[in-house]
1. Report the full-extension gain for the segment residue 406 to residue 363: residue separation times 0.36 nm, less the Cα-Cα distance, to one decimal in nm.
2. Between residue 396 and residue 148, what's the calculated FRET efficiency when r is the beta-carbon distance and R0 is 30 Å? Round to 0.05.
3. Between residue 122 and residue 87, with labels modelled 7 Å along Cα→Cβ, what's the label distance in nm to one decimal, could you check?
4. Between residue 210 and residue 247, what FRET efficiency comes out of the Förster formula 1/(1 + (r/R0)^6) with R0 = 22 Å and r the beta carbon distance, rounded to 0.05?
5. Run the simple label-point estimate for residue 349 and residue 217 please: 7 Å along Cα→C-beta, distance reported in nm.
6. Based on the mean of other Cβ atoms within 10 Å per residue, sort peptides 129-136, 86-93, 182-189, 348-355 so the most packed one is first.
7. Could you tell me which of rounded, prolate or oblate describes region 89-414, using a ≥ b ≥ c as the square roots of the eigenvalues of the alpha-carbon gyration tensor, with rounded for a/c under 1.5 and, failing that, prolate when a/b is larger than b/c and oblate otherwise?
8. Suppose each label sits 7 Å from its Cα in the direction of the beta carbon; what would the residue 100-residue 267 distance come out to in nanometres?
């Protein structure tokens, strides 16, 4: 070949190699080998498989990686206050009775626990309000409506939970801790009415006064748990005290002893004491003579296997009360009374029970003979909001002249607390 032809080929290769170097993106071994592939192609060497593999590798290296697109979720925050958080918890309970009874004689004053005449009777409507005021206190109020009384404040109090170690302080108007069932509202009793002894000694609504209560849970001594309550209240109970306010307050003491024998069985024993001035007390009264004292003892035994707690349960509960009251004539009245009932849970919704009542009349001049009553009953829980109770009241002894009664009690409730025993 002519020397000029060789020189032309050499210049062409140099130009092609320089152009390839000008587009080299990174100084990597693979891309350099790819550049050599382009030179070999110019020289007619592209048929080699290794050259083809280097070409594909160079194409992959020269392609920029795809970047993932990420999306940020935008969160909108409301700056205004949630006013619903300030609303109290509201529960409403309605209690009605249907009564069927035989008419014998007019009811006498000592016939406590008597139901109204035949027909349907709207007994009460309770509005329960509850709210946490702060980390230390909770407020509760119960407004009751009864056809014969209208709206009344049944309870209104505030509870401080953490002011005392293992204790709490309650201030306001509340049902007092005398015995076991006085704290329970009417719609949560195991029977339609309070036992006659409670109605005779404390009134149809039980013991409900205004004052302060201090409750402690003590270390375990002779029982599994001990709880002591000390309450100082105004003398507002019409049957026990004259309602003289704070001139001479009433004092209440209660101790509860809880014994757990097994996961299925427990025993609870409570002792209660209440004292305050009588109606004839004055600024110069004699404490041993012008005071009313009420003592009580309550016992509860419960058996419920943990695996079948919703379907099997047996409860026996009894309470004995002793009343010592100075009367206007200067004499002292001594009266006894009590009740005892047993209750079986037949199924998740059905309960069957029997209560026996005995009480001496508190009327002055009345013969202190015991008055007896049998109360069998059956309770059916339609749901946690509604229950129906069929109850039969059978007077005995000196109450034999009273009417026998068949009662149908229907209660329904809605709200977060519903039918709670507290």
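1. Once the chain is fully extended between residue 406 and residue 363, it gains 12.7 nm.
2. About 0.55, to the nearest 0.05.
3. 2.4
4. The pair residue 247/residue 210 has a calculated efficiency of 0.95.
5. 3.5
6. Most protected by this proxy first, the peptides run 182-189, 348-355, 86-93, 129-136.
7. Because its axes are fairly even, with a/c under 1.5, region 89-414 counts as rounded.
8. Inter-label distance under the simple model: 4.3 nm.
Each value in this text was obtained by applying a stated rule to the coordinates, not by laboratory testing. In this text, all values refer to a predicted model and were calculated from it rather than measured experimentally. With ideal geometry, Cβ positions are generated from the backbone for all residues, glycine too; neighbour counts draw on all protein chains shown.
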